[in-house]
Amino acid sequence: MARRRLPDRRSHEVIAFIFRGRAYTAGVGRFADGSLAEIFIDAEKQSTDAADDARDAAVTASIALQYGAPAQAIRDAVTRDTAGNPAGIIGAVLDLLAEERK
């Protein structure tokens with residue numbers, strides 16, 4: 001499957017949130033049809049393991065999205081606790097985006 005490329009200039013929405021007691025900012029880009037295309041995650045405190053993990057998780061999710069993985073499939077696949085809450089940062093961001101779409 002070929003990677004869907006994004007235009008060099010595109011809109012970008014920003015979401016501030018708290019996950020595991022730490023502040024993060026997620027940047028979200030979409031394809032022209034409105035589907036999720038890319039995620040950027042920055043931690044308030046840079047140069048930490050959590051910040052590095054968040055950035056790497058966002059890159060991995062973005063590549064999967066651009067190669068055709070549906071956001072909902074990623075959301076359904078991430079680890080969750082017994083209450084259904086996301087265990088990782090990508091699950092938290094995808095849940096926030098799903099809530100915004102309701």
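Among the residues of the stretch 19-34, how many are touching a strand residue (DSSP E or B) at 6+ places or on another chain (Cβ under 8 Å) and more than 26 Å from Ala69 (Cα to Cα)?
Count: 2.
Anything in the stretch 73-89 that is in contact with a helix residue (DSSP H, G or I) (Cβ under 8 Å, 6 or more places away or on another chain) and within 22 Å of Arg5 (Cβ to Cβ)? List them, or say none.
Hit for the stretch 73-89 is Ile74, nothing else.
Table: residues versus (1) touching a residue at least 24 places away in the same chain (Cβ under 8 Å); (2) not β-branched (Val, Ile, Thr).
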site: Arg9; (1), (2): no, yes
site: Ala16; (1), (2): no, yes
site: Ala26; (1), (2): yes, yes
site: Gln46; (1), (2): no, yes
site: Ala69; (1), (2): no, yes
site: Arg75; (1), (2): no, yes
site: Thr79; (1), (2): no, no
site: Leu96; (1), (2): yes, yes
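Inside the stretch 58-89, can you point out the residues that are touching a Lys or Arg at 6+ places or on another chain (Cβ under 9 Å) and either on the phi > 0 side of the Ramachandran plot or among the aliphatic types (A, V, I, L, M) (or both)?
Ile63, Leu65, Gly68, Ala87, Ile89, listed by residue number.
Consider the stretch 23-41. How many of its residues are among the charged types (D, E, K, R) and in a strand (DSSP E or B)?
2
Failed condition for Arg22, given (1) of a type outside the set (Val, Ile, Thr); (2) under 25 Å from Arg4 (Cα atoms); (3) in contact (Cβ under 8 Å) with a residue 24 or more places away in the chain, with all others met?
The one condition Arg22 does not meet is (2).
Since every read-out is calculated from the coordinates, none of them should be taken as a lab result. Everything quoted here is computed from the prediction, not taken from an experiment. Cβ coordinates were reconstructed from backbone atoms using ideal geometry, including for glycine residues, and neighbour counts include every protein chain displayed.
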